[in-house]
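Taken together, the values in this text are just the output of simple stated rules run on the coordinates, not laboratory data. Keep in mind that what you see is a predicted model, and the values were worked out from it rather than measured. Neighbour counts are summed over all protein chains in view; Cβ atoms, including those assigned to glycine, are modelled from backbone coordinates with ideal geometry.
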Protein chains: 4
Amino acid sequence: MKGITILINCNDSKGIIASVTNFIAQQGGNIVYIDQHVDRVDNMFFMRLECEFSKSTFAVQAFQDVFSEVIGDKFEMNWHLYDSDVKPKMAIFVSKYEHCLYDILSRYSANELEVDIPLIISNHPDLEHIAQSFNIPYYYIKVTKETKEAAEDIQLNLLKEFKVNFIVLARYMQIVSSKLIEEYPNHIINIHHSFLPAFPGAKPYHSAYKRGVKIIGATSHYVTEDLDEGPIIEQDITRVSHTHTIKDFILKGRDLEKIVLSRALKLHTKRKVLVFNNKTVVFN
Amino acid sequence: MKGITILINCNDSKGIIASVTNFIAQQGGNIVYIDQHVDRVDNMFFMRLECEFSKSTFAVQAFQDVFSEVIGDKFEMNWHLYDSDVKPKMAIFVSKYEHCLYDILSRYSANELEVDIPLIISNHPDLEHIAQSFNIPYYYIKVTKETKEAAEDIQLNLLKEFKVNFIVLARYMQIVSSKLIEEYPNHIINIHHSFLPAFPGAKPYHSAYKRGVKIIGATSHYVTEDLDEGPIIEQDITRVSHTHTIKDFILKGRDLEKIVLSRALKLHTKRKVLVFNNKTVVFN
Amino acid sequence: MKGITILINCNDSKGIIASVTNFIAQQGGNIVYIDQHVDRVDNMFFMRLECEFSKSTFAVQAFQDVFSEVIGDKFEMNWHLYDSDVKPKMAIFVSKYEHCLYDILSRYSANELEVDIPLIISNHPDLEHIAQSFNIPYYYIKVTKETKEAAEDIQLNLLKEFKVNFIVLARYMQIVSSKLIEEYPNHIINIHHSFLPAFPGAKPYHSAYKRGVKIIGATSHYVTEDLDEGPIIEQDITRVSHTHTIKDFILKGRDLEKIVLSRALKLHTKRKVLVFNNKTVVFN
Amino acid sequence: MKGITILINCNDSKGIIASVTNFIAQQGGNIVYIDQHVDRVDNMFFMRLECEFSKSTFAVQAFQDVFSEVIGDKFEMNWHLYDSDVKPKMAIFVSKYEHCLYDILSRYSANELEVDIPLIISNHPDLEHIAQSFNIPYYYIKVTKETKEAAEDIQLNLLKEFKVNFIVLARYMQIVSSKLIEEYPNHIINIHHSFLPAFPGAKPYHSAYKRGVKIIGATSHYVTEDLDEGPIIEQDITRVSHTHTIKDFILKGRDLEKIVLSRALKLHTKRKVLVFNNKTVVFN
């Protein structure tokens, strides 16, 4: 069987579900899974379908053409179709922190993540040995104020060369430029080491310590032009107390960052995240 | 608009979703929400639909008849239709512990629970004053070894008289008889003061203390003939440590019991729980 | 036996623990429990001791005098001694929301909270019936822009008349004045319906919904002049998703508010919270 | 300064804290941290002290002798003294699962764990490449029914040769023999992939799936003769639902296993765990 996943969002109106499901049936497909959500405040409709078709008769391009004509245009949908046999290609951006990189790669090598990782890009040479031990090409591209634009062009060329579908910033300590964000809208996943919107910026653990909070968190979100303000994919927290130093906060935070980022990656790679109005619909 | 909710389960087969959604559309309905699950191990299909119909033309009985003929029989479905305007009637059974009763009634008086509570039944007179302060009839029906069967007949008569749809055992310290369970299959909700299947039975906090666990929990489940073995609706946990006494375990546990039971009640009253094979599908 | 609890904080220096414990032993006391913390950043020492003395020979005033002379002055301590037999007197301030009030009073009536509650003060008459059902005097003191100062004088007189030791704002929807805060420094406990410092202010659930967060929280803190900036006693969180409306956020939030506030009350009444530098040390 | 940590447990009696703290002061030491617990049910006293002494004058052996004579014998204490400058030596036992091994070693290489890891022992050759990439000797010692006893002798010799202080079973799929347990009482740390005491034995995720639980957990405990019944050091949980397959349970469980095991290791290496009566006192 041929598996496909369809993501849809459009203005809500009567009969969308019946139209879509009926169309799939008419095309000889079987709906394996359907998730749906209506945002009543914004009157928006969201749907995710997993379908199966007979391999012998199904043609992706033909299906897309008919779907667009019969369904997509009628309801003015934003929609995407993904072939379940094709793994997305993910680039990892890192700097000097290794914990998220190790976590991603050990999951990757255990076949936990349904992605290909064609390359790792870093603004520092420090973590190349880790990339090597997992046999993944590591591109050290130095970034300074003066070279930032040129560096990004090199990055973009690499991303195109390797046909990268989305990017994970695994504690990449550089602000990503508009150019990259425009090439990968809602396709750059960041892990922020705080419980956004509390403590945005560079030193959240220090701020959290100073404020005397009893719980710290981490947030994975899509990168947008507004720093630390992109759509939130996943968050989690852990307890802290007066007994913990800033160093303890950081260590506890690292465990959170790894977990939260890996969950966001899984949701994204399984096409379970839709974005609208700077918020996510996560079909989990 | 007239709102209805339909719960379905049957063997999985091709085309169910399209058939059902198409049928609703043909009947002039609009699907507001659809939840669906396929259990691949048991090859079972589960669905929950919220639909809206025009009040002027919709007739529940006629709809049910056609649905049964066209859809239900074809796929050999177990299905139930609920009218969204009709609140289910819930009986509360209590003994001497007041925390769950207070919690349910304060939510009820704050319109948090979409139920009617026509009566409270107890095997002790102790909590009648609470029932009175919320203006709910309180029936004290003494239960002893000798009177147990007679007492249950009185209970059953009351439940019929008040047209009770489901029962919550809010720390009711009696084992419920087969007769009552048969009248209310998967419609008696219990809160067990442990993290089942760990520590079943009557004194779980004492057992948990003795074992030195670091986390205790509570479990809400439907009551079946097998004590503490019914389908689990909801569970939650809280941390404990060596500094906590059994009394602390009990107090912390009570907070859990209240929360877990109230969540289970909300899921049940919103028709979000389906039962199959002694497990629940919870569309949350 | 006579039980006392001593709270201490002072600059850290060598020998404090030995001096204090030795002093207790010399006075014929037995240390039942000792908690201690050193804040290395601020070089501050914190300690909480529970001690037992023979009832026949122990005199609180004499003990305090000697302790002050021998220990307190030497180490320039802030210290407080509490008699374990004396329950603190707590005033509840409410407005129209009933969930925290119900929660506190049902715990109170179940002897879960070691306090006396001599009165409830409100700027609305709405919840008087609840106070009555628990037999607690309810003072409705209207607060408007014009009457605010006069109203607070009435409040203060009542608090003095009833010898109130500390105040809980159980969703009291008024900003408390400096005068009250100065009378009760670090003795007014508030529940803020957000996960501070995220979403301060009046409508945190609306802000959280708009931001699309995946977790919401509640925070209990001591009230200071800086609104929503006082020392945090306790926080907790719950998960939310795109399926939840603002109303759902509010309902889930209420459960959190109740739990978090009740935990803060227990910590405070058991003298387990020390405040320094706008942060708490919580010996839990 | 010279740092030492002392762990004490004995029957509770009057004056222990004052005696110990006074003794430390007399020896010229400064108590940096004191944790203490009294188990009222068993009338047992537990204490953990971190002290600092002047390096020029402090002699460990002399201190131990005097402590034993003046304090230890008087109160019939079990007590241990640890030199803060000496890292414990930890052996890792693994089989084929790599997730816990990767997690431990990446923490180790990030200096998060205060241990030395002189060797890794395995009953399978599969994970040697991981050991190599972290430059740690890997001993593949095949274990069959026939060779089990001989294999354990080889293991024991290696442990002695490398002066191993404690052992972590990082998903080691063999039952450890009495001989090893007797050599390392409460010094073999296991991670059990279930929320003990629920679902003991080899396939807890399958059992949890079958029971339809809503929460799964992991447990780290000291290994004793009674399988899965040793003192619990740490537990944690994660939510599951009907949408998760057994494979999902296993993947979610792995994340838990890593976190729970690493927390237990940190507690153990910081000498924060005392064992009495098959339960732990964890000074955290």
> Put a point 7 Å out from Cα along the line to Cβ at residue D:114; what are the distances to that point in the other copies, in nm, shortest first?
Replying inline: 3.4, 4.5, 5.6
> What is the mean number of Cβ atoms from other protein chains located within 10 Å of the Cβ atom of each residue in peptide D:28-38, rounded to a whole number?
Replying inline: 5
> Which whole number gives the average count of other chain Cβ atoms within 10 Å of the Cβ atoms across peptide D:14-24?
Replying inline: 6
> Hey, what number do you get for the protein assembly as shown at 222 nm if only DSSP H runs of n ≥ 4 count, each worth -39500 (n - 2.57), divided across all residues, to the nearest 500?
Replying inline: -9500 deg cm²/dmol
> What are the nm distances, shortest first, from residue B:65 to its equivalents in the other copies, labels at 7 Å along Cα→Cβ?
Replying inline: 4.8, 9.6, 10.3
> Just how large is the dipole of the protein assembly as shown about the Cα centre, in debye to the nearest 20, putting +1 at every Lys and Arg Cβ and -1 at every Asp and Glu Cβ?
Replying inline: 0
>> Out of all DSSP beta bridges in chain D, what portion is antiparallel? Express it as a percent rounded to 5.
In response: 75
>> At 7 angstrom along the Cα-to-beta-carbon line, where would the label on residue D:145 sit relative to the other copies? Give the distances in nm, shortest first.
In response: 5.0, 7.4, 8.9
>> Taking amide H atoms as placed 1.01 Å from N in the peptide plane, list the residues 5 or more away in sequence, or in a different chain, whose amide H sits under 5 Å from that of residue C:240.
In response: C:215, C:216
>> Sort B:146, D:152 by Cβ crowding within 10 Å, fewest neighbours at the top.
In response: B:146, D:152
> What is the distance in Å between the Cα centres of the stretch C:143-197 and the stretch B:99-141?
Replying inline: 33
>> Checking the cross-link filter: which aspartates and glutamates have an alpha carbon closer than 14 Å to that of residue D:179, excluding same-chain neighbours under 8 positions apart?
In response: D:149, D:152, D:153, D:225, D:226
>> Positive end of the dipole of chain B, charges at C-beta (+1 Lys, Arg; -1 Asp, Glu), about the Cα centre: which of B:198, B:244, B:184 has its Cα farthest in that direction?
In response: B:244
>> Give me a comma-separated list of calculated 3J(HN,Hα) values for the stretch C:250-261, in order, Karplus coefficients 6.51, -1.76, 1.60 applied at θ = phi - 60°, integers in Hz, x for any Gly or Pro.
In response: 5, 5, 5, x, 4, 4, 4, 4, 4, 5, 5, 5
> Angle, helix D:148-161 long axis vs. longest principal axis of chain D, Cα atoms, 0 to 90°, nearest 10?
Replying inline: 40
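Please state the charge dipole magnitude for the stretch D:2-83, taken about the Cα centre, from unit charges on C-beta atoms (+1 on K and R, -1 on D and E), reported in debye and rounded to the nearest 20.
200
Rounded to the nearest angstrom and ordered from largest down, what semi-axes does the equivalent ellipsoid of chain C get from its C-alpha gyration tensor (root of 5λ)? The partial results should precede the final answer.
On the way: eigenvalues 259, 108, 61 Å².
The equivalent ellipsoid of chain C has semi-axes of 36, 23, 17 Å.
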> In chain D, which residue puts its Cβ closest to the axis that turns chain D onto chain B, and how many whole Å away is it?
Replying inline: D:198, 2
>> Quick check: the angle from helix A:99-109's long axis to the longest principal axis of chain A, C-alpha only, nearest 10 degrees?
In response: 40
> By how many degrees, 0 to 90 and rounded to 10, does the Cα axis of helix D:16-26 deviate from the longest principal axis of chain D?
Replying inline: 70
> Can you give the mean number of other chain Cβ atoms that lie within 10 Å of the Cβ atoms in peptide D:211-221?
Replying inline: 6
> Hey, what do the phi angles of the stretch C:171-186 turn into as Karplus ³J(HN,Hα) couplings, whole Hz, using 6.51/-1.76/1.60 and θ = phi - 60°, x for Gly and Pro?
Replying inline: 6, 7, 8, 9, 7, 7, 7, 4, 4, 5, 4, 5, 6, 10, x, 6
>> Quick query: amide H of residue A:121 versus all other amide H atoms, modeled in the peptide plane; which residues come in under 5 Å with a sequence gap of 5 or more or a different chain?
In response: A:92, A:93, A:94, A:139
